[in-house]
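Participant: Quick one: the structure is below, questions incoming.
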């Protein structure tokens, strides 16, 4: 069939448009324009945005789940601030230990069940600790330096703060020098639960010139010793049962077995002693008290004016804000650097999802050839 | 005179927000699309307009993601043919063919002179074409559609040129046969 073929001409005329120019593309544009405006914007932009949002949420979840060490680190930081050091110019400044509680619970027995925090019941609620861990085993140490015109009297009074009922005792004491160079030194072992109370009593003996407090967390050591102890005890039991079952064994073997049992028992005793020692250290806090003579008159504690109070509060708020800012920055750095691997994975996931979206959109835009 | 912009460039411009580019694209292809749609839908102008409008709606929606795997013109014709086929399929499912009567519902009447010259002949041809199987009808109409070479028709249908030609030959044979039968009957 050629172009001049009448049938070809007729066929061509079947698919030619002889009607009025109707421009359906304009109608289509009018139909689609609202879609392009709002829905079109949503359909074009939202999938990627949603994908990005979803990935971000997943990322945050991953960081929170996969980096629990961050949370631990923050907790450790709080515990690390147990150590307090301050130099006090005069007694008008609130003692640094007044608001501190260390989340301490004595390890064994009911004798020391009263926690340090509960001993600070008279401390304002705002200064109570944010976190406490009830199963921490901490060895407490504190040093307090006092100035008083009457060193001897203060020395005797300091010795009297001990409570024998709580097994408290004076580990060491000395009184040296004369007149203005007279100096007393005492090392007190007091129940850890009463540390705050005893320090409060000591502060009343003179003007506090220096006060430090610290804590050494020995929880891990105790847990380790106990685990090893249990293991050695298990070995001892096994060796004993072996010894009983091998009564008819040669003498040399029996002697070797007894030697092994002796070694194990020695280990057990050594570890028991270590554990008990740590237990004692934990249950009894150590306070080093140094009392010096003071010729200078005791400063008169002035009534704090509202302005001073305001300035003090602003200072405190400023310090707190800076600390929180530092914490936030540290957290940010930890999240950014510590989670670098996850960031990279999340970025890769984001890129992959975005590419998949694009591929899907392109596939959807393709029109399949008519099926014949 | 050669066109200043290719179809692809116009589509790209439209995707970026230039509605006039769509107008230019329509100026180039719309009448052809309308004509083919009319042929595929048994001469129904109103349905042809609807199908072409649907085609443009689809183009507008997917313009941004057009990947360029085929020419824009091919893409347009594929959309149109698929929409027309869908319409026929829906009508067939309802078991009543395309709605309305072909002769009565064209939306416009042919000029009296044209009707005098070719009225009966065109009707018998349209009837014979409509009686062909859908595949043959499509190949026949697309191959003789104004502005389409056999190569471009094969591309639209996604089949090799040789296949198109053999199927076209078969369709023409059947059409001639049907026209001969009609003449004999008359």
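Just so it is clear, none of the values below were taken in a lab; they were calculated from the coordinates. The structure displayed is predicted, hence computed values, not measured ones. Note that we place each Cβ from the backbone using ideal geometry, even for glycine, and neighbour counts take in every protein chain shown.
Participant: What percentages, rounded to whole numbers, describe P(r) for the range B:1-69 computed over all alpha carbon pairs with 10 Å bin width beginning at zero?
Facilitator: Result, from short to long distances: 21, 45, 29, 5 percent.
Participant: Using packing as a proxy for protection, rank A:153-163, A:136-146 so that the peptide with the highest average count of other Cβ atoms within 10 Å comes first.
Facilitator: A:136-146, A:153-163
Participant: Moving on to the next point. Does the range A:254-345 classify as rounded, prolate or oblate by the C-alpha gyration tensor (a ≥ b ≥ c root eigenvalues; a/c under 1.5 gives rounded; else a/b over b/c gives prolate, otherwise oblate)?
Facilitator: Judged from the Cα gyration tensor, the range A:254-345 comes out oblate (a/c at least 1.5, b/c at or above a/b).
Participant: What is the range A:138-225 by shape, rounded, prolate or oblate, if you read a ≥ b ≥ c off the alpha carbon gyration tensor as root eigenvalues and call it rounded for a/c under 1.5, prolate for a/b larger than b/c, and oblate otherwise?
Facilitator: Judged from the Cα gyration tensor, the range A:138-225 comes out prolate (a/c at least 1.5, a/b above b/c).
Participant: Let me know the whole percent of all Cα-Cα pairs from the range A:198-260 that are separated by more than 17 Å.
Facilitator: So the portion of pairs separated by more than 17 Å is 66 percent.
Participant: For the range A:206-299, what are Rg and Dmax over the alpha carbons, in angstrom?
Facilitator: My reading of the Cα-based Rg and Dmax gives 24.6, 85 Å.
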